[in-house]
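Participant: Pasting in a structure now, in C-alpha cells, and then I'll have a few things to ask.
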Amino acid sequence: MTASVDRASIGLRSERGPVLGALMLATGLIAIDATILATAVPSIVRDLGSYQQFPWLFSVYLLAQAVSVPIYSRFADTVGRKPIIMLGIALFLLGSVLCGFAWSMPALIVFRVIQGLGAGAVAPMSMTIVGDIYTVAERAKVQGYIASVWAISSVVGPALGGVFAQLDAWRWIFWINVPLCLIAGWMLVRHYSEQPQKQQHRIDYAGAALLTVGLTGVILGLLEGGNAWDWLSLPSAVCFGIGIVALVAFGLVERRAAEPIVDLRLAARRLILTTTIVSLGIGALMTGVTSFAPAYLEGSIGIAPLLSGLAVAALTLGWPISAANAGRLYLRIGFRRTALIGLAIASTGAIALASVASWPNPFSVAAIAFVLGFGLGWSAAPTLIAAQASVGWGERGAVTGMNAFARSAGSAVGVAVFGAISNAVIARGAGPDDPATIVSASVWVFIAAAAVAVLTLVAAAFMPRDTVEEHSGEVGA
C-alpha cells in the first residue's frame, strides 16, 4: 500500500473521516480550555478576589478530571464509548455556562469541578476511540490530525484569553465553549456508531470515593498550608492525615476489588507502570509551567495578558509539532527511544527556564517554552500508544483511562505543589503586588518543574526495550 493510499484511508475524506473530525473537535474543547484560562488569571483575580486561591481553578478541574477518568473508562468498557463521550460533552457544556455566570471565586471553583467531570470523559474517550478504529501504524498518521487541533488551540486559546482579559470580558473564556460543545455532540451523534464488545463490570465506588478524599485532602493541605493556616498546625495535620490515610485505604481496597477503579494490577506490568509514571510527570510539568508562566510575566514586568499568553503558547505549539512527527520516529526506533529523546529535550528546556527566570523576558520564555513543549509532544504520544498496543479491546479503556488519570492527577498535584511553593515565597516577601517577589516565587516554581522533568526522564529510561513491528497490523484486538 502506498503512502498516498495510506493517507487517503485515514484522512478526513475517508470512510472514517467524519468520526475523526468529530474527535478532533471534541479534543479541541479540552485543548482550548487547557490554554485559554491561564492568561486571564490576573483579570479574574481583580474581579473575583484572592490571588492565593487562583491555583484552585486548575487543581479542582484537574482533580475532578483525574478521579472521574477511571470511572468513565470502566463504564466505556461496559456500555461503549459513545454514551460516555456524549455525557462528557454535556457536563463540559453545563460547567462552561455556569462558570460564565460565576459571581465569586468560590463559585467559579465549584463550577470548574463540573467542567472537570466533563473533561474526564471527553479526553480519554477520544483517545480510546482512536485506539479502537485505527491500527498502531495508522495512529502514527492520525497523530498529525490530532496534533493539528492542539497546534491551532495553542495559538487561539492564549490569544483569545488575552483578548478577553484586556477587554475585561473574561467570562467569554467559558461561553466560547458552548457552540463547540453543541457542534461536537451533533457530529458524534450523526457520524459515530459502534458495536461495543459489552462486558459486565462492577464499578468500584468505594475506591473512587477514597481516591477523591485522599487527593482532595493532600491538595487542600498543599494549597492552604502557610496561607489559610500555618504549616505546623491542626488544620494541616488533619488535611494531610485524612489524605494519606484515605490513599493508603484506597491502595488496600484496590488490591481486593473485583474490578478496581485504578487497576494497580496493571502496574505490575513494567510497560504500564513506567508509562503511567511518565504521564504523571508530563502532567505536572505541562500544567505547572502553563499555569504560572503568564502570572510570572504579567506580575514581574507588567506585560499585557495577550503577550504573556502568546509567550506560553509557544509551549503548546511545540507540543503538536513534535507529536505530529513522533509517529514516524517511533515506527523506526521504537516507543522507548522516542520517549527518551523527547524527555531529554523537555528536561533541557525546563532547566533553561529555571536558569533564566530571574531575568523575566517574554521572548526567552517563549523560546524555552517551545523547546519544552516540543520535548513533551515527542514523549506523550509514544508512551500512551505503547500502553494501548500492549492490551486488547477489553482492557484498552482501562489502560487509556489509567494513563489519562495519571496525567490529570500529576497536573492536579503538580499545580498544588507549585502553588504551595509560590505562596510560601510570596508570604515571606512583599506580597503578590511586588514584582521582585513574583520573580522570586516563579524562580522556585521553575526549579521544581526542572526537577520533575529530570525525574520523568529517569522513569522513561526504565521502559522495556521495544519494536513496533509486532503491533503494526493490530486494531481493536
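Participant: Given the criteria in a helix (DSSP H, G or I), out of contact with any Phe, Trp or Tyr (no Cβ under 8 Å at 6 or more places or on another chain) and at negative phi, does I345 qualify?
Facilitator: When the stated conditions are applied, I345 does not pass them.
Participant: Moving to a separate point now. Identify all residues within segment 15-41 that are open to solvent by 20 Å² or more (accessible area, probe 1.4 Å) and at pLDDT below 75; write none if there are none.
Facilitator: If the condition is that a residue be open to solvent by 20 Å² or more (accessible area, probe 1.4 Å) and at pLDDT below 75, then E15, A34 are the ones that fit.
Participant: Something else: Against the condition over 20 Å from the mean Cα position of the chain (by Cα) and open to solvent by 10 Å² or more (accessible area, probe 1.4 Å), how does A459 come out, does it pass?
Facilitator: no
Participant: Kindly indicate which of A441, A477, A416, A430 is modelled with pLDDT under 85, farther than 17 Å from L376 by Cβ and in a helix (DSSP H, G or I).
Facilitator: A416
Participant: Ok, one more. Could you list, in sequence order, all residues of segment 42-54 that are surrounded by fewer than 24 Cβ atoms within 10 Å (Cβ to Cβ) and part of a helix (DSSP H, G or I)?
Facilitator: Of everything in segment 42-54, those that are surrounded by fewer than 24 Cβ atoms within 10 Å (Cβ to Cβ) and part of a helix (DSSP H, G or I) turn out to be P42, S43, I44, V45, R46, D47, L48.
Participant: If you don't mind, there's one more thing I want to ask. For segment 94-112, how many residues are open to solvent by 50 Å² or more (accessible area, probe 1.4 Å), more than 17 Å from I36 (Cβ to Cβ) and assigned to a helix (DSSP H, G or I)?
Facilitator: The number of residues fulfilling the criteria is 3.
Participant: From I345, I351, I421, I447, grab the single residue that is open to solvent by 40 Å² or more (accessible area, probe 1.4 Å), within 21 Å of A66 (Cβ to Cβ) and either among the basic types (K, R) or touching a residue at least 12 places away in the same chain (Cβ under 8 Å) (or both).
Facilitator: After ruling out the rest, the residue left standing is I421.
Participant: Take the residues in segment 354-366 that are of a type in the set (A, V, I, L, M) and in contact (Cβ under 8 Å) with a residue 60 or more places away in the chain; name whichever of them is farthest from P294 (Cα to Cα).
Facilitator: A354
Participant: Which condition breaks for A389 when tested against (1) touching a His at 6+ places or on another chain (Cβ under 6 Å); (2) more than 16 Å from T274 (Cα to Cα); (3) of a type in the set (A, V, I, L, M)?
Facilitator: So A389 meets the others, but not (2).
Participant: Another question, then. When you check L280 against the structure, is it at pLDDT below 85, under 28 Å from A453 (Cβ atoms) and crowded, with 21+ Cβ neighbours inside 10 Å, yes or no?
Facilitator: Here the answer is no, as L280 does not meet what is asked.
Participant: I need the full set of residues from segment 424-440 which are surrounded by 19 or more Cβ atoms within 10 Å (Cβ to Cβ) and either over 28 Å from G217 (Cβ atoms) or touching a Lys or Arg at 6+ places or on another chain (Cβ under 9 Å) (or both), in order please.
Facilitator: Listed by number, the residues that qualify are T437, I438, V439, S440.
The values are calculated or read from the model by the stated rules, or taken from the named source; none is laboratory data. Quick caveat: nothing in here was measured; it's all calculated off a predicted structure. Note that each Cβ is placed from the backbone with ideal geometry, even for glycine, and that neighbours are counted across all protein chains shown. Only protein heavy atoms, including side chains, enter the accessible area calculation; ligands, DNA and RNA are left aside. Shrake-Rupley method; radii C 1.70, N 1.55, O 1.52, S 1.80 Å.
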